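First comes the structure, then the notes that go with it.
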Amino acid sequence: MIVVKVGGSLYDHPLLGPGFKSYLDSLAPAEVWLVPGGGDIVEAIRKLDAAHALGDDACHALAVRGMELAGEFLHELIGFGSDRVSFPALDRCAVPHSWDVTSDSIAARIARDYSAERLVLLKSIDAPAGTPWAAAADRGWVDRYFPTVIAGAAFPVEVVNFRRVLDALHE
């Protein structure tokens, strides 16, 4: 099983639907579990927290619901007719309730808990292979908790600048 996290920064790309369908086809016949990034939905929750001090537990619950809504968007966008592509239950993932944890760490935790063969993070950034995860977190390429949850993982982690892939489809 492969865990694929789809960064919320990709949701506004006009070619996300066909590009992501093609990417999923390239992973066949593997079973794929999709973890949607929160994107603008979760950013709105972050702003509301800054204005109203909602608290870590409330914000975590709202952010997970935002990710689930983003998952529904992805479902509508690409139409999952395959039994090999599914969404794991995000609300059962044991991670700290903090803004230091994003969908990157949730995807990594799911990959660890369910013994994934690999974790793929589809993003809008370049993260050079071999960059230590602590350095990647310092640069904002992954969240601050990610190095902790990925430490000692038995699977490889790939960071793909999927925006660049989608842009290449446009050319």
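Structure data summary
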| read-out | value |
| --- | --- |
| Theoretical ellipticity at 222 nm over the chain - DSSP helices of four or more residues, -39500 (n - 2.57) apiece, nearest 500 | -14000 deg cm²/dmol |
| Rounded to whole Å, sorted largest first: equivalent-ellipsoid semi-axes of region 66-171, Cα gyration tensor | 22, 20, 14 |
| Sequence-distant aspartates and glutamates (8 or more away, or on other chains) whose Cα lies within less than 13 Å of residue 21 | 76 |
| Heavy-atom accessible surface of the chain: percent carbon and sulfur, 1.4 Å | 52 |
| Inter-part distance where region 1-19 and region 51-100 are each reduced to a Cα centre, Å | 15 |
| Calculated FRET value between residue 154 and residue 86, using beta carbons and R₀ = 22 Å, to 0.05 | 0.50 |
| Relative contact order of the chain, defined on C-alpha pairs under 8 angstrom at six or more residues apart (%) | 30 |
| Within straight-line cross-link reach of residue 123, aspartates and glutamates at Cα separation under 17 Å, skipping those fewer than 8 residues along the same chain | 12, 40, 43, 104, 138, 143, 158, 167 |
| Stretchable slack from residue 47 to residue 72, in nm (0.36 nm times residue separation minus alpha-carbon distance) | 6.8 nm |
| Pairwise label distance in nanometres, residue 28 with residue 118, each label 7 Å out on the Cα-Cβ vector | 1.8 |
| Charged-residue dipole, Cβ positions (Lys, Arg, Asp, Glu), region 60-149 about Cα centre, Debye nearest 20 | 180 |
| Heavy atoms of residue 76 accessible to a 1.4 Å probe, total area in Å² rounded to 10 | 150 |
| Unit charges on C-beta of K, R, D, E only; dipole of the chain, Debye | 240 |
| Test item: Cα-centred dipole of region 34-103, Lys/Arg +1 and Asp/Glu -1 on Cβ, debye | 80 |
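The values are calculated or read from the model by the stated rules, or taken from the named source; none is laboratory data. All figures in this text were calculated on a predicted structure; none of them were measured in a lab. Backbone-built Cβ (ideal geometry, glycine too); neighbour counts: all protein chains shown. These area figures cover heavy atoms from the full protein model, side chains too; ligands, DNA and RNA do not enter into them. Shrake-Rupley method; radii C 1.70, N 1.55, O 1.52, S 1.80 Å.
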